[in-house]
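*Asks:* Dropping the structure in here first, questions after.
The values are calculated or read from the model by the stated rules, or taken from the named source; none is laboratory data. Just so it is clear, the model here is predicted, and its values are computed rather than measured. Every residue, glycine as well, gets a Cβ built from its backbone with ideal geometry; the counts of neighbours run over all protein chains shown. All accessible areas refer to the heavy atoms of the entire protein, side chains included, with ligands and DNA or RNA removed. Shrake-Rupley method; radii C 1.70, N 1.55, O 1.52, S 1.80 Å.
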Amino acid sequence: METVYFNGTPCHTYGSIPAVGTKAPCFNLVTKDLADVSCQDFEGKRVVLNIFPSLDTPVCAASVRRFNKEAAGLDDVAVLCVSMDLPFAMSRFCSAEGIDNVIAASAFRSPLFSEKYGLQIVDGPLAGLLARAVIILDKDRKVIYSELVDEITHEPDYEGAMYVLK
């Protein structure tokens, strides 16, 4: 169990985020087009998992915009922006914002993602959503960067994540 905060109020997650040096669990998610996407689709690539509660919040939307911008200059890297948002909402957001360098992926029908990655919030006002985190996997799905943002209303450390990728 991890403790994160939402506007200073403690919230807890189910399990723990994968640690640097460990092999990340495989994942199955749904894209904005309702297509299945899994870890196997990215074999041979580094993968950035930008995980957050919902695109309907300013900080989450900002993280997707920022990773979309950063991803444009990266080779052999797939950036997945993961939340519990429905694919329809993701599609609307990406279309309205011109988001095309990242893959919006929903965990709405993948409870194992929340469990395996230890990021489902189990109490507090955001219970049922995902905590904010950035996890970067190497080409063999080994975790090379792991950040659980302690205050959900804060943005992740973009510079730290980009440093690992360059």
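*Asks:* For Glu147, tell me the accessible area in Å² from a 1.4 Å probe, rounded to the nearest 10.
*Replies:* Using a 1.4 Å probe on the heavy atoms, I get roughly 40 Å².
*Asks:* Expressed as a whole percentage, what fraction of the accessible surface of the chain belongs to carbon and sulfur atoms when a 1.4 Å probe is rolled over the protein heavy atoms?
*Replies:* 50 percent
*Asks:* Run lengths n ≥ 4 of DSSP H only: what is the helix-derived mean residue ellipticity at 222 nm for the chain, with -39500 (n - 2.57) per run over all residues, to the nearest 500?
*Replies:* Mean residue ellipticity at 222 nm (helix-derived): -7000 deg cm²/dmol.
*Asks:* Let me ask you something else. Quick one: among Thr57, Thr13, Thr31, which has the greatest mean-square fluctuation in a GNM of the chain with alpha-carbon springs under 10 angstrom?
*Replies:* Answer for the Gaussian network model of the chain: Thr57.
*Asks:* Among bridges DSSP assigns within the chain, what percent are antiparallel (round to 5)?
*Replies:* Roughly 65 percent of the DSSP beta bridges within the chain come out antiparallel.
*Asks:* At 0.36 nm per residue, minus the direct Cα-Cα distance, what do Ala19 and Lys142 gain on full extension? Give it in nm, one decimal, please.
*Replies:* Between Ala19 and Lys142, full extension yields an extra 43.3 nm.
*Asks:* Also, quick follow-up: Keeping every protein chain in place, order His154, His12 by accessible area at 1.4 Å, biggest value first, i.e. largest first.
*Replies:* Largest accessible area first, the list is His154, His12.
*Asks:* Something else about it: At a 1.4 Å probe radius, which order do Arg132, Arg65 fall into by accessible area, largest first?
*Replies:* If we order Arg132, Arg65 from most to least accessible, we get Arg65, Arg132.
*Asks:* Next up: Quick one: if the Förster radius is 35 Å, what FRET efficiency do Leu112 and Lys69 give, using the C-beta to C-beta distance and rounding to 0.05?
*Replies:* Rounded to the nearest 0.05, the efficiency is 0.70.
*Asks:* A follow-up question, please. Any idea of the accessible area per residue across the chain, 1.4 Å probe, to the nearest Å²?
*Replies:* Ligands and nucleic acids excluded, the result is 46 Å² per residue.
*Asks:* Can you tell me which of Ala105, Ala133, Ala61 moves the most in a GNM of the chain? Springs connect C-alpha atoms under 10 Å apart.
*Replies:* Between Ala105, Ala133, Ala61, it is Ala61 that shows the largest mean-square fluctuation.
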